[in-house]
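These notes concern the structure reproduced below.
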Amino acid sequence: MTQYNETDLVIVGAGMVGLTLAALLAGKGLRIRILESRDIDPHNALGWEQSQREKGYDPRVSALTVASQQVLTVAGVWSGIEQMRLMPYRAMEVWDGEGSGQIRFDCAELHEPCLGHIVENRVTQAALLNRVLSQENCELSVGVQLAELSEPDADAVRTLTLSSGEVIQARCVVAADGALSNTRRLAGIGMWEWDYGHHAIVTTVTTEQPNQATCWQRFTGDGPLAFLPLPDPHLSSIVWSTSPDHAKVLMELDDTEFCLALERAFEGRLGTVKHTAQRFVFPLRQRHAKQYVKAGFAAIGDAAHTIHPLAGQGVNLGLMDAAALAETIIDGLTDGVAWNSEYHLRRFQRARQSENLQMAATMEGFKRLFNAHGAVPILLRNAGMSLMNRLSPVKNHIVQEAMGLSGNLPRLARRPVRD
């Protein structure tokens with residue numbers, strides 16, 4: 001006879017989004033099991049201490065919004081991030097490399113201390129892991145994969161079979177295992193997806209001039225190039241999105257040649273690019289799940305959607321998913337309803353699907369706008385940027401939406417009203 005281990009919630013994936021959901025639900029009386037396929041050492045907080053001493057900065061960083069900061073504060077992890085390492089940025093410069101159009105966003109115009117924070121992904125992950133492991137009702141299993149997922153029974157309970165042979169019965173399973181989610185596939189949820197025709201090169205570079213606590217983004221003829229400030233004033237994390245052929249050429253350059261190519265593409269805004277760390281390249285595809293929920297199942301973060309990194313919103317959207325799903329589950333527990341039913345979980349889907357699709361459409365629109373060549377598109381594009389830069393109310397409304405200070409936000413992402 002099969003021996004089942006029972007739990008309330010299984011979260012597949014110990015990345016930032018999955019761990020945020022666990023942290024938000026940690027004190028709500030649920031038994032939570034987190035499954036991670038990587039064979040990580042949970043007692044080493046994903047290697048933060050070692051990585052800080054030996055590896056320098058993580059090449060993967062996120063521009064966390066005020067709304068994301070609020071979610072992580074409610075989850076009890078923002079103070080941990082502050083104790084490790086983060087970089088508040090005060091301004092953002094965006095310009096068209098094929099014209100004169102330019103927009104500058106500045107926190108002083110909004111009477112805010114900063115526009116957001118640049119945080120290394122492994123720092124956020126480490127703070128989340130430390131928080132989750134301190135909770136008695138959360139259990140982390142590493143080095144295991146989900147091999148089979150049953151259909152839900154009459155109570156929406158699902159049976160999971162792990163690669164270790166263990167069998168679990170869970171009231172709800174959450175896919176938080178990334179863009180190529182095996183959990184979503186096992187749940188029978190399809191995807192809409194298409195190739196952006198871009199690869200993204202990420203690395204850390206040293207520049208002659210300080211980064212000025214500013215996020216810089218130039219739209220080149222091949223794609224956007226972003227410099228994101230790090231705590232060391234002469235270091236920046238870069239995300240260079242370009243055609244696959246151009247990315248291949250750039251990756252084949254030696255460090256000196258790459259720095260020179262980067263400096264030219266960036267128009268020397270920060271002087272000489274003096275050094276580059278190891279480079280990594282990733283293909284970019286847009287994906288969107290045809291549905292987010294079924295009975296006893298939900299998909300969040302990259303398992304539900306991926307977008308172009310040109311606005312740095314990918315992780316922020318995932319954290320909003322985690323907040324909205326946590327709220328949906330908490331509301332169900334409070335109201336005494338079947339919180340794992342498809343009927344109830346659709347509240348989460350309604351709250352997030354349209355928001356994520358709208359952001360995906362906006363990013364696609366920006367990509368097409370700046371990929372348009374020829375005198376007329378360039379003239380119109382640059383005239384529009386220059387006009388927006390002069391219209392402070394319009395510009396400030398846009399940046400407030402991007403920061404998560406307004407818009408359709410989950411309750412857990414809304415900053416308390418300041419006196």
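The values are calculated or read from the model by the stated rules, or taken from the named source; none is laboratory data. Just so we're clear, the structure is a prediction, and the values are computed from it rather than from any experiment. Backbone-built Cβ (ideal geometry, glycine too); neighbour counts: all protein chains shown. Please note that ligands, DNA and RNA were not included when accessible areas were found on the heavy atoms of the full protein model with its side chains. Shrake-Rupley method; radii C 1.70, N 1.55, O 1.52, S 1.80 Å.
Would you tally the net charge around Arg90, using a Cβ to Cβ cut-off of less than 12 Å, leaving Arg90 out, and scoring K and R as +1, D and E as -1?
Values: positive: Arg104; negative: Glu93, Asp106, Glu109, Glu112.
In short, -3.
Modelled label-to-label distance, Val281 and Tyr4, 7 Å Cα→beta-carbon offset: nm?
For Val281 paired with Tyr4, the spin-label model returns 4.9 nm.
From the phi of every residue in region 76-86, what ³J(HN,Hα) in whole Hz does the Karplus formula 6.51 cos²θ - 1.76 cosθ + 1.60 yield, where θ is phi - 60° and glycine or proline is x?
Listing the rounded values in order: x, 10, 4, 4, x, 5, 4, 6, 8, 6, 7 Hz.
Multiplying the sequence separation of Ser406 and Asp39 by 0.36 nm and subtracting their Cα-Cα distance, what value in nm do you get?
Working: separation 367, 0.36 × 367 = 132.12 nm, distance 3.96 nm.
Result: 128.2 nm gained on full extension.
Keeping all protein chains in place, calculate the accessible area per residue for region 144-265 (probe 1.4 angstrom), answer in Å².
On the way: 4970 Å² over 122 residues.
Ligands and nucleic acids excluded, the figure is 41 Å² per residue.
Any chance you could get the radius of gyration and Dmax over the Cα atoms of region 60-146, in Å?
17.3, 57
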